[in-house]
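Below: the structure, in structure tokens.
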Amino acid sequence: MRVCEALNRALFGLLRDDPDVLVLGEDVRDPYGGAFKVTAGLSSAFPGRVLGTPISEAGIVGLGTGLALSGRRPVVEIMFGDFVTLAADQLVNQAAKFRTMYGEAVSVPLVVRAPMGGRRGYGPTHSQTLEKLFFGVPGLEVVAATHVCDPGALLRGTVLGTACPVLFVENKLLYLEEVLDAGTLRERHGLELTLAGAAPGTAVLAHPGRPDVTLVAYGGMVPLALEAAGTLLREEGLVCELVVPQRICPLDPGPILGSAARTRRVVVAEEGVCAWGWGAEVLALLAALELESPARRVGATLEAIPARRDCEARVLPQVDDIVAAAVRTVDEDFL
């Protein structure tokens, strides 16, 4: 099952099992079924529960916030995650604040799905990874789907389990990835999968043997980090632990710190711009705990993302960047 299909099945199950769940967004109804087909078939199966909206992200998220306040569980789709910026006021100044403003007397179980990321040649306004703009907002959580954990289960648990607004990040290329279970990861990649930390849990994938380097990645960077871990083992003889948080803000630091304590070397990879990003926050966490280990960040350069594929590849982080950063942490450790 691919990630897109897993998310579609999760939405089908949510609409079937909970009458309070609604899906709304631009072109989410059949026959189009959403730009990435995550909502395909839902409006035909659940007429009146899947709502097509005008092109107004502020209006969609505002409507979703009102529905959540009234006791419903709305799932809003932003067609391209780049345009979640148009709903920043509704998320930051309204949905995220209401529980506190009303003395915890209300809940806002709003889930905003946002397809993020590049590598499809869509150019500077349809290829960005912008969830970093919403990190550190009190009352707002950010969750990122991955193919090494069941993304459908993550979406279902988020929709049914939240009392606060959640930005649910889905990488565009990840939609086509096969969902990998523990057996498949062991067979194809030689990695043992465990879930650690507070729900929804952080995946820790480890090659056999004493680990040399910790790789930390989420969402769309996970396939690249998996490939990098394999390259490091084959070509450099370096054993990796790959740590994959699903809730990226607020972050459960335990699994990352546990792995860093074992390896003493850390590389954090994100698809968004490296400067002022999630990776910087992870490394700041390590520094605050005085974990004196070589550490590197990998991310996009501080440029608009080009449409031409070769130029896009220059701006966005690649597998070779992760490999090079990991090798440098080892070299620095012996200087």
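Where a number appears in this text, it was derived from the coordinates with a stated rule and is not lab data. All of these numbers come straight from a predicted model, not from anything done at the bench. Cβ coordinates were reconstructed from backbone atoms using ideal geometry, including for glycine residues, and neighbour counts include every protein chain displayed.
When the GluC sites (Glu not before Pro) in the stretch 64-140 are filtered for DSSP coil states and for at most 11 other beta-carbon atoms within 10 Å of their beta-carbon, the remaining sites are GLU104. Here the relative contact order of the stretch 1-68, from alpha carbon pairs under 8 Å that lie six or more residues apart, stands at 29 percent.
For the chain, the antiparallel share of DSSP beta bridges with both residues in that region comes to about 30%.
Two-decimal Rg/Rh of the chain from alpha-carbon positions, Kirkwood Rh?
Dividing the radius of gyration by the Kirkwood radius yields 0.97.
What's the center-to-center distance, using Cα atoms, between the stretch 289-331 and the stretch 127-206 in Å? First find each Cα centre; the distance between them is then 21 Å. Which of the aspartates and glutamates could be linked to LYS37 by a straight reach, that is with a Cα gap under 17 Å, when you skip same-chain ones fewer than 8 residues away? Of all the aspartates and glutamates, those that pass the test against LYS37 - Cα under 17 Å, at least 8 places apart if same chain - are GLU5, GLU26, ASP27, GLU77, GLU170, GLU177, GLU178.
Using C-alpha pairs below 8 Å separated by at least 6 residues, the relative contact order for the chain is 15 percent.
Pairs of Cα atoms nearer than 8 Å and 6+ residues apart set the relative contact order; for the stretch 159-256 it is 28 percent. For the stretch 217-335, the convex hull spanned by the alpha carbon atoms encloses 113 Å³ per residue.
Once each part is reduced to its C-alpha centroid, what is the distance from the stretch 223-275 to the stretch 64-112 in angstrom? Between the Cα centre of the stretch 223-275 and that of the stretch 64-112, the gap is 31 Å.
Gaussian network model of the chain, Cα springs within a sub-10 Å range: biggest mean-square fluctuation belongs to which of GLY59, GLY121, GLY209? Taking springs between Cα atoms under 10 Å, the residue moving most is GLY209.
For the stretch 117-215, run through the trypsin sites (Lys or Arg not before Pro) and keep only the ones in DSSP coil with at most 15 other Cβ atoms within 10 Å of their Cβ.
On the way: sites: ARG119, ARG120, LYS132, ARG156, LYS172, ARG186, ARG188; in loops: ARG119, ARG120, LYS172.
The qualifying sites are ARG120.
With springs only between Cα atoms under 10 Å apart, run a GNM on the chain and tell me which of LEU285, LEU193, LEU24 wobbles the most. Comparing LEU285, LEU193, LEU24 in a Gaussian network model of the chain, the most mobile one is LEU285.
Taking the stretch 80-116, which chymotrypsin sites (Phe, Trp or Tyr not before Pro) meet the DSSP loop condition and have no more than 16 other C-beta atoms within 10 Å?
On the way: sites: PHE80, PHE83, PHE98, TYR102; in loops: PHE80, TYR102.
Here the chymotrypsin sites (Phe, Trp or Tyr not before Pro) that fit, given the DSSP loop and packing criteria, are TYR102.
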